[in-house]
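The block underneath contains the structure these notes are about, expressed in structure tokens.
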Amino acid sequence: MTTLATPRVDAGAERRFAPARMRRTVLEMAYAGSTVHIACAFSIIELLTVLYRDHLRYPGNDPRAEGRDFLVLSKGHGVMAQYACMRELGWLDDSHVQGYFKDGSELKGLSDSRVPGLEVTSGSLGHGFSVGVGIAMGLQRKGTDQKVYAIVGDGELNEGPIWEGALVAAHHKMDNLMLIVDKNGFQAMGTTDDVLALGDLSAKFASFGFETLEVDGHDEAAVDAAVRQLWSTGVGKPKALIARTVKGKGVPFMESDNRWHYTRLNPQTFAEAIDALGLAGASK
Amino acid sequence: MREAFSNSLVRLALADPKVLLLTGDHGYALFDEFRKRCPDQYINAGIAEQNMVGMAAGLARVGFRPFVYGLAAFVPIRTVEQIKLDIAHDDLPVVLLGDGAGFVYSHLGTSHQSTEDIACTRAIPGLEVLSPADRFEMTASMDYAYAANGPVYLRMGKSDRGDVHAGPTGTLRSGGLLKVRDGRADRPGLIATGSMVRTAVDIAAELDLAVWSAPVLKPLLADEVCAAARATAGLVTLEEHSVLGGLGAAVTEITSEHQPTRVLRIGVPDRFSEHCGTHAYLLREHGLDTDSVRAKVEGFIQ
């Protein structure tokens with residue numbers, strides 16, 4: 001049985017999860033912490049927006065609630081996008097943003113499950129998905145309607161355990177599990193086509209037994225519709241959403257420029273990037 | 001000893017439905033009883049150990065108590081990073097069962113032999129390491145691992161060497177040594193683990209030496225090791241594992257800081273097996289057969 005997730009809507013929901021403001025949070029953190037992986041966070045902003053706003057259930061707005069859905073960020077280097085969502089939810093505040101990477105701070109440069117709101121310790125790639133498969137198996141055995149979303153990078157698909165987990169998820173009919181591929185076409189040292197070509201991902205996951213859809217990963221309405229469609233079809237099948245994205249999306253000079261995988265902001269590029277978000281008049 | 005393992009696993013699983021057994025398509029008849037009595041708690045995760053260990057972490061995150069079985073060459077060795085990151089980092093209650101440790105698969109060569117697993121697991125923060133010597137220690141180790149409610153590696157080595165204890169050991173103490181026999185205070189004491197406890201007992205009977213078994217390799221209490229050092233004239237460690245990073249290392253780490261003592265580490269030299277043969281043959285190749293060990297201990301006495 002597939003059950004549509006109940007949207008977690010509250011009075012403030014509409015004002016939350018503005019992608020431009022979330023990108024600003026990412027820039028502020030990256031600047032404050034003088035850190036990298038900005039473009040890797042930008043490609044999943046809309047995906048996370050839709051999941052947090054319309055799908056993930058956190059009873060009592062509690063990131064550790066027993067009955068919650070699980071967002072597993074297997075591509076742990078995109079964690080600043082998740083921090084931005086957590087700020088929208090009020091789980092993080094300005095001090096976390098401005099204090100990013102200060103000595104003794106809790107928020108790391110990669111997903112760390114000791115932080116409430118983050119489910120896995122990832123960054124070493126190919127780990128989070130397997131943990132997500134285990135969570136999905138556990139929820140399935142408990143008979144709950146909780147869902148697991150696992151976001152992997154397309155570069156991360158080079159890792160063998162992803163495919164081990166895909167076999168297991170299909171074999172055990174985990175229709176409470178959705179794998180979301182952030183298909184931005186780049187990995188650390190080049191394009192995925194040049195480094196290790198992935199071929200037709202939809203066909204690959206379909207052949208593994210996944211219910212599969214492709215979507216423009218920056219079109220919120222399309223992502224929302226695709227997520228709903230995947231949950232409502234393919235009984236007994238795990239889901240794969242192949243999201244076509246742009247690495248560095250939202251700041252034109254970062255888009256599809258792979259240097260922003262590993263480049264730090266300086267005062268000038270920080271100011272230019274903030275300007276490019278076009279947040280004039282928007283409250284921070 | 002394997003029957004004690006199977007019985008313990010079945011007993012724990014019947015008592016707690018959250019106990020799950022995950023295997024990477026290994027175990028054969030070892031799990032016949034478990035599959036018969038607890039079929040819903042048995043998961044063959046396929047020949048995919050890395051995913052299996054990560055999955056165990058996910059299952060533990062939502063309240064299950066996974067016991068993850070593989071050959072020691074694969075669990076833990078193939079999956080050290082998953083154990084470190086997915087399980088130990090978050091102190092999850094997962095018991096890792098590494099079977100065939102040491103030279104059990106003596107004819108199969110290096111891929112199935114495991115003489116570095118204690119060293120690798122001992123350095124992972126929060127991971128306890130167990131190495132039972134006989135059926136009584138096995139039962140106690142399984143109970144200890146379940147009760148620990150955290151990450152545990154249980155090393156299962158050569159299992160047919162016979163009992164070293166006269167009866168049940170009682171509850172294992174965290175970090176505690178088990179006294180197996182008394183011996184002369186003016187001669188070295190033997191501290192052994194796993195399959196080598198039997199060897200230690202055999203030699204000790206001839207030379208009248210004290211013997212302790214170390215079923216809990218980590219943590220290992222400094223007080224226990226120092227007491228053994230004070231009660232004897234030097235210590236000899238015995239293990240079917242590399243001399244680097246295992247029991248010998250753990251003991252010397254303690255004595256060098258707290259109770260300076262001459263220590264002879266007997267274990268596998270820093271090399272792979274050259275040949276194949278019976279388990280007894282490989283022990284001889286590495287100087288771990290009873291005659292070789294006796295000669296080393298006698299040399300140490302003089």
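The numbers here are math on the coordinates, done by the rules we state, and not lab data. Remember, predicted model here, so these are calculated numbers, not experimental data. Backbone-built Cβ (ideal geometry, glycine too); neighbour counts: all protein chains shown.
Can you give me the long-range amide H partners of A:Ala240? Hydrogens built in the peptide plane at 1.01 Å from N, cutoff under 5 Å, separation of 5 or more residues or another chain.
Long-range HN contacts for A:Ala240: A:Leu179, A:Glu211, A:Thr212, A:Leu213.
At 7 Å along Cα-to-Cβ for each site, give me the label-to-label distance between B:Asp291 and A:Ser105 in nm.
6.7 nm
How do the peptides A:18-24, B:197-203, A:237-243, A:99-105 rank, highest first, by the average count of neighbouring beta carbon atoms within 10 Å per residue?
Final packing ranking: A:237-243, B:197-203, A:18-24, A:99-105.
Is there a quick way to get the dipole size of chain B? I mean about its Cα centre, with the Cβ of Lys and Arg at +1 and of Asp and Glu at -1; what is the value in debye to the nearest 20?
Roughly 280 debye, rounded to the nearest 20.
Quick one: dipole size for segment A:37-87, taken about the Cα centre, charges +1 on Lys/Arg Cβ and -1 on Asp/Glu Cβ, in debye to the nearest 20.
100 debye
Got a sec? Charge dipole of segment B:2-155, +1 on Cβ for Lys and Arg, -1 for Asp and Glu; which of B:Tyr42, B:Tyr153, B:Cys120 is way out at the positive end?
The residue sitting farthest along the positive end of the dipole is B:Tyr42.
Considering amide H positions built from the backbone, and no H for Pro or chain starts, which residues 5 or more places from A:Phe70, or on another chain, come under 5 Å of its amide H?
Excluding prolines and chain starts, which carry no amide H, the hits are A:Lys147, A:Val148, A:Tyr149.
For segment B:166-181, in order, what is each residue's ³J(HN,Hα) by Karplus, 6.51 cos²θ - 1.76 cosθ + 1.60 with θ = phi - 60°, in whole Hz (x at glycine and Pro)?
3J(HN,Hα) across segment B:166-181, in whole Hz: 6, x, x, 7, x, 5, 5, 9, 4, x, x, 8, 10, 6, 9, 7.
From zero outward in steps of 20 Å, how is the percent of C-alpha pairs of chain B spread across the bins?
Whole-percent P(r) values from 0 Å outward: 37, 56, 7.
Can you tell which of A:Pro116, A:Pro267, A:Pro59 shows the greatest fluctuation in a Gaussian network model of chain A with Cα springs below 10 Å?
A:Pro267
Over 28 Å between Cα atoms: which of A:Lys75/A:Lys237; A:Lys147/B:Lys18; B:Lys179/B:Lys218; B:Lys84/B:Lys179 fall into that group?
Pairs exceeding the cut-off: B:Lys84/B:Lys179.
Please state the charge dipole magnitude for segment A:132-229, taken about the Cα centre, from unit charges on C-beta atoms (+1 on K and R, -1 on D and E), reported in debye and rounded to the nearest 20.
620 debye
Using DSSP loop states and a limit of at most 16 other Cβ atoms within 10 Å to flag GluC sites (Glu not before Pro), what is the longest stretch of chain A containing no flagged site?
Answer - A:107-284.
Within 10 Å of each Cβ of B:78-85, how many other protein chain Cβ atoms are there on average?
Per-residue shielding by partner chains comes out at 3.
Counting other Cβ atoms within 10 Å of each Cβ, which trypsin sites (Lys or Arg not before Pro) in segment B:219-302 have at most 16 and sit in a DSSP loop?
Passing sites in segment B:219-302 are B:Arg262, B:Arg271.
For B:Tyr69, what charge total do you get from the other residues with a beta carbon under 11 Å from its beta carbon, if Lys and Arg give +1 and Asp and Glu give -1?
With Lys, Arg at +1 and Asp, Glu at -1, the net is -3.
Averaging over all projection directions, find the projected area of the Cα convex hull of chain A and quote it in nm² with one decimal place.
Taking the Cα atoms of chain A, their convex hull projects to 13.7 nm² on average.
Could you give each residue of segment A:259-268 its phi-based ³J(HN,Hα) in whole Hz, using Karplus coefficients 6.51, -1.76, 1.60 with θ = phi - 60°, and x for Gly or Pro?
Each residue of segment A:259-268 in turn: 4, 7, 6, 10, 8, 8, 7, 10, x, 6 Hz.
Residue by residue through A:118-126, how many Cβ atoms from other chains fall within 10 Å of the Cβ on average?
3
Average projected area of the Cα convex hull of the protein assembly as shown, in nm²?
28.3 nm²
So what's the projected area for segment B:21-86, the Cα convex hull averaged over all directions, in nm²?
Across all orientations, segment B:21-86 yields a mean hull projection of 4.2 nm².
Going by C-beta contacts inside 10 Å, put A:Tyr58, A:Tyr31, B:Tyr153, B:Tyr69 in order with the fewest on the left.
Result, fewest neighbours first: A:Tyr58, A:Tyr31, B:Tyr69, B:Tyr153.
If each DSSP helix of 4+ residues adds -39,500 (n - 2.57) and the sum is divided by the residues in the protein assembly as shown, what number results at 222 nm, nearest 500 deg cm²/dmol?
-10500 deg cm²/dmol
Excluding A:Ala243 itself, what net charge comes from residues whose Cβ is under 10 Å from its Cβ, given Lys and Arg +1 and Asp and Glu -1?
Residues near A:Ala243 contribute -4 overall.
Can you compute 3J(HN,Hα) from phi for each residue in segment B:83-89, using the Karplus curve 6.51 cos²θ - 1.76 cosθ + 1.60 with θ = phi - 60°, rounded to whole Hz and x for Gly and Pro?
Residue by residue, segment B:83-89 yields 5, 4, 8, 7, 10, 5, 4 Hz.
With a sphere of radius 14 Å drawn around the Cβ of B:Ala295, what net charge do the other residues whose Cβ falls strictly inside it have (Lys, Arg +1; Asp, Glu -1)?
Residues near B:Ala295 contribute -2 overall.
Average partner chain C-beta neighbours within 10 Å, per residue of B:61-73?
Whole-number average of other-chain Cβ neighbours for B:61-73 is 3.
Run down the aspartates and glutamates and flag those whose C-alpha is under 12 Å from the C-alpha of B:Lys158, throwing out any fewer than 8 positions away in its chain.
B:Asp99, B:Asp134, B:Glu239, B:Glu240
List the residues, sorted by chain then number, that are 5 or more residues from A:Leu92 or on another chain and whose placed amide H is less than 5 Å from its amide H.
Placed amide hydrogens put A:Arg87 under 5 Å from A:Leu92.
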